[in-house]
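K.L.:
If you scroll down you'll find the structure; I have some questions about it.
The values are calculated or read from the model by the stated rules, or taken from the named source; none is laboratory data. The structure presented is a predicted model; accordingly, all values stated were derived computationally and were not measured. Methodologically, a virtual Cβ is constructed for each residue, glycine included, from the backbone with ideal geometry; neighbour enumeration extends over all protein chains shown. Surface accessibility is based on the protein's heavy atoms, side chains included, excluding ligands, DNA and RNA. Shrake-Rupley method; radii C 1.70, N 1.55, O 1.52, S 1.80 Å.
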Amino acid sequence: WGLGDEARRESTDTMASSEEKKLDLVIVQGRSEDAERATIPFSLAGASATKHGKSVQVVLMFDGANLAIPETSEKIVAGKPFDGNLLERIQNVIKAGVKVAVCKPCLMKRGLLDKKLIDGIEIISGLSLLQYTYATEKVLSFT
């Protein structure tokens, strides 16, 4: 998931394993011009889902809504230690079972509601976001 070998070992050693899946919510408010801030939330979501058995929901909000557009995320490359572009990373976390959603009002404000989104990204309302937070064990927010 783009973490270096040492970081993977540290995260595996320090995180407690859980028998049951609990929802973790990751909120991405980041800007597309900051490749590192756009990439790290998806790296953590992928690792949480695949290595720790968590049920993870990523919600793209504010300027983070731009990341739901394939042409935008394809251009975002964080470089070492992260492999590939953000579009590939988002597609991989979706394949791994991470649910990715984007805020509908955020898309509307940016004139993106009619744009094609990355396959598998769901458009949600503010009410849906609140419902996710009620079912969440942890919320991480990246600005």
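K.L.:
Indicate the gyration tensor shape class of region 14-143 (rounded, prolate or oblate), computed on the Cα atoms with a ≥ b ≥ c the square roots of the eigenvalues: a/c under 1.5 is rounded; otherwise a/b larger than b/c is prolate and the rest oblate.
P.N.:
Oblate shape, in that a/c is at least 1.5 and b/c is the bigger or equal ratio.
K.L.:
Further question: Are there any trypsin sites (Lys or Arg not before Pro) in region 35-143 that are in a DSSP loop and have at most 15 other Cβ atoms within 10 Å? List them by number.
P.N.:
LYS75, ARG110, LYS115, LYS116
K.L.:
Out of the GluC sites (Glu not before Pro) in region 23-98, which ones are loop residues according to DSSP with at most 11 other C-beta atoms within 10 Å?
P.N.:
Qualifying residues, ordered by number: GLU33.
K.L.:
Quick one: order LEU140, LEU107, LEU127 from most to least accessible surface, probe 1.4 Å.
P.N.:
Result of the area sort, largest leading: LEU127, LEU140, LEU107.
K.L.:
Within a Cβ distance under 11 Å of ILE118, other residues only, what is the Lys/Arg minus Asp/Glu net charge?
P.N.:
With Lys, Arg at +1 and Asp, Glu at -1, the neighbours total -2.
K.L.:
Full-extension gain between LYS138 and GLU88, please, as 0.36 nm times their residue separation minus the C-alpha to C-alpha distance.
P.N.:
Stretched out fully, the LYS138 to GLU88 stretch lengthens by 15.5 nm.
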